[in-house]
Amino acid sequence: MSETTFTPRVFSGIQPSGNLHLGNYLGALKRFVDWQAKDVESIYCMVDLHAITVWQDPKDLMKSTRELCAGFIAAGLDPEKSILINQSQVPEHAQLAWIFNCVARMGWMQRMTQFKDKAGKNAQNASLGLFAYPALMAADILTYHATHVPVGEDQKQHLELTRDIAAKFNHDYGVDFFPMTEPVIEGAATRVMSFRDGSKKMSKSDPSDASRINMTDDADTIAKKIRKAKTDPEGLPSEAKGLEERPEARNLVNIYAALNEQSVDQVLADVGGKQFSEFKPMLADLAVSKLAPISTEMARLMGEQDEIDRILTRGSERAREITAPILRKTYEIVGMVPPVQL
Ligand code: AMP
Ligand code: TRP
């Protein structure tokens, strides 16, 4: 195992594929803001190269990338403290991904459940990029030698693969160059479920808008979606055990706990015994108080497109100070002839 001690560094990414939602916020964004408070060097990325593994209209992709950056800032990321980038402006991500395509094995990639889910029945027609997606994700992380990656639960398998790729590279070339990155999957809402179906995760691509709270939703829309969220006829239990086998009820309690920065047990100690007709308005008030200021700030920032573009450009310049030397060293390890001074 690794003998080298790597300086703590955080990296995470979100796809700019539209509809940034409450699951992204609680599973990822809010965690990024918590990390920022710890004063660890952090890089947060709009992964536009990942987004195009499925079709994106070019105009929508541009808008979603800027909107995602606005969402990052509105949620509390400070571009002076954290480095905010879009992936395509830092070419080392794609360059290292090619090396990792040659390290990762077909068998490893074939086991990825996200590929199976996204490719669906017609895997022969999926893009090659969708299949290679996790190798690019490993490159995103490892081109910074990142040690910690905050994500939602659905990314666990990809992070295990990232460690496998780092270990195989280190082993094959006899080096101790890439760190074993730690996934950070924390909080009461690491897997926020759909408001329409408690067995499906809340997702950007769900055709039903009522299934999720979008970070751009206004206060009325947020309250309405919570009022209409699917539940069961029973009241709230006073212990977490009572939520087993009740996925919709558990989801709403988890969301409340995560928004209010409490544990599920603390929430149930207060609301146990209440009916959903009473709990839902409490959740709606809480959600509106936490989310409406973010959507208002996002809308304001979207009016300042030039400023967003400057933030991303400046972020990539700072990022490349980290990534360029790591890629150069990787090429040297692999045996590629470097350019010389002419
Ligand atoms: P994506 O929208 O797939 O780019 O996801 C970006 C981040 O949000 C990743 O860290 C995901 O794990 C997280 N995420 C996405 N959907 C959910 C969800 N329903 N619950 C919790 N976290 C999520
Ligand atoms: N695959 C992640 C998702 O869909 C997004 C992502 C791309 C990512 N590269 C990353 C997350 C690097 C963490 C670290 O949610």
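The values are calculated or read from the model by the stated rules, or taken from the named source; none is laboratory data. Please read these numbers as outputs of a predicted model, since none were measured by experiment. With ideal geometry, Cβ positions are generated from the backbone for all residues, glycine too; neighbour counts draw on all protein chains shown. Note: accessible area is taken over every heavy atom of the protein model, side chains too, but ligands, DNA and RNA are not part of it. Shrake-Rupley method; radii C 1.70, N 1.55, O 1.52, S 1.80 Å.
When the residues of region 105-146 are narrowed to those that are of a type in the set (A, V, I, L, M), over 21 Å from the mean Cα position of the chain (by Cα) and under 27 Å from residue 172 (Cβ atoms), which ends up surrounded by the most Cβ atoms within 10 Å (Cβ to Cβ)? In this case the residue turns out to be 128.
List the helices (runs of 4 or more DSSP H) inside region 254-342, counting only whole elements, that have at least 3 residues being closer than 30 Å to residue 177 by Cα and in contact with a helix residue (DSSP H, G or I) (Cβ under 6 Å, 6 or more places away or on another chain). Show your work before the answer.
Working: elements: 264-271, 276-302, 305-334.
Where helices (runs of 4 or more DSSP H) fall fully within region 254-342 and carry at least 3 residues being closer than 30 Å to residue 177 by Cα and in contact with a helix residue (DSSP H, G or I) (Cβ under 6 Å, 6 or more places away or on another chain), they are 305-334.
Only a single criterion out of (1) in contact with a strand residue (DSSP E or B) (Cβ under 7 Å, 6 or more places away or on another chain); (2) surrounded by fewer than 17 Cβ atoms within 10 Å (Cβ to Cβ) is not satisfied by residue 312, namely (2). Cβ-Cβ distances below 6 Å connect the following pairs, each with a first residue in region 181-204 that is free of Cβ contacts under 8 Å to residues at least 24 places away in the same chain, a second residue that is away from ligand 2 (no atom under 15 Å from the Cβ) and open to solvent by 50 Å² or more (accessible area, probe 1.4 Å), and a separation of six or more residues or different chains: 194/200. Which residue out of 25, 44 is assigned by TED's automatic domain parsing to the domain that holds residue 186, within 11 Å of ligand 2 (Cβ to nearest atom) and on the phi < 0 side of the Ramachandran plot? From the options 25, 44, the qualifying one is 44.
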